[in-house]
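Have a look at the structure below, then the notes.
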């Protein structure tokens, strides 16, 4: 072992992949599919909020929960171990509950159409 490394450090050898080895078409499809997986629930939530058949209270709660999740300041800072994410969990639970009770096949269809337009395969 090299004396300049402590016993807990390990050397890892790696080979850099040449760009000619990567199939960009396959990588593009993988990235689009990953984006679609992440985007689908967000677009469904948007369609649910915009849908006039969704009750006003559910729409407002959904907007409040989504806003809270993306707002950088929390009631309980995320830096506090374990309990830091408890307030986010409450917001997420409310969103999921509303989603479960108010998602319709029509909303899902509109969201899927928008997803296909925005992120075509």
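Quick rundown of the values:
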quantity	calculated
Principal-axis tilt of helix 24-50 within the chain, Cα atoms, nearest 10 degrees	30 degrees
Label-point separation, residue 51 to residue 79 (7 Å along Cα→Cβ), nm	4.1 nm
Pairwise FRET efficiency - residue 71 versus residue 104, Cβ, R0 = 22 Å, nearest 0.05	0.20
Dimensionless Rg/Rh of the chain - Kirkwood Rh, Rg from C-alpha atoms	1.20
Ranked 24, 15, 47, 106, criterion: other C-beta atoms within 10 Å, fewest first	15, 24, 106, 47
Gaussian network model of the chain, Cα within-10 Å springs - most flexible of 53, 20, 86	20
Nearest 10 degrees, 0 to 90: helix 86-102 Cα axis against the chain principal axis	50 degrees
MRE, 222 nm, helices only [DSSP H, n ≥ 4, -39500 (n - 2.57), over the chain, to nearest 500]	-20500 deg cm²/dmol
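Taken together, the values in this text are just the output of simple stated rules run on the coordinates, not laboratory data. A quick note: this is a predicted structure, and the numbers were derived from the prediction, not measured. Note: ideal-geometry Cβ built from the backbone for every residue, glycine included; neighbour counts use all protein chains shown.
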